[in-house]
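A.B. asks: Encoded as structure tokens, here's the structure I'll be asking about.
The values are calculated or read from the model by the stated rules, or taken from the named source; none is laboratory data. Predicted model only: the values in this text are computed from it and were never measured. A quick note on method: Cβ atoms are made from the backbone with ideal geometry, for glycine too, and the neighbour counts reach across all protein chains shown.
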Amino acid sequence: MLIPVQTRKRMLAAVQRGESVASVARRFEITERGLHQIIKQRRERGTIEPLKFGPKGPTKLTAKDDAKMLALIKADPGVTLKQIASHLSVEVVESTVHRSLKRLGVSLKKSP
């Protein structure tokens, strides 16, 4: 659950006033561990903004890999994600191949 920044500020202010972490956590209905993580985040990062969700960096797959995937599918429409992954320039899991194919507008259909 994402805790709004305003609520985080109120929790930290209560702890700074001397309230125990346990009582503040109970009042705001979060776990003590969750509150400790917010305190640690402020100490280490200097901010209490929530961490960003989603991918942390660029995709591993290149345009050449995209072309290779499309060629494999054209050559064998029954190819599996695992088989496609084994032919790429970098080691990736099946879900990465699936997301790339989805981005390219391609879906693998099981043959009857």
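A.B. asks: Output the helices (runs of 4 or more DSSP H) that fall wholly within segment 1-72 and possess 3 or more residues being of a type in the set (Lys, Arg) and surrounded by 10 or more Cβ atoms within 10 Å (Cβ to Cβ), or say none.
C.D. replies: Details: elements: 5-16, 21-27, 32-45.
Of the helices (runs of 4 or more DSSP H) lying wholly inside segment 1-72, those with at least 3 residues that are of a type in the set (Lys, Arg) and surrounded by 10 or more Cβ atoms within 10 Å (Cβ to Cβ) span 5-16, 32-45.
A.B. asks: Looking only at residues that are in a helix (DSSP H, G or I) and over 28 Å from the mean Cα position of the chain (by Cα) in segment 74-96, which one is surrounded by the fewest Cβ atoms within 10 Å (Cβ to Cβ)?
C.D. replies: Restricting to residues being in a helix (DSSP H, G or I) and over 28 Å from the mean Cα position of the chain (by Cα), the top hit is ALA75.
A.B. asks: State which residue is modelled with the lowest pLDDT when the search covers only segment 87-112 and only residues that are hydroxyl-bearing (Ser, Thr, Tyr) and farther than 13 Å from LEU61 by Cα.
C.D. replies: Across segment 87-112, the extreme among qualifying residues is SER111.
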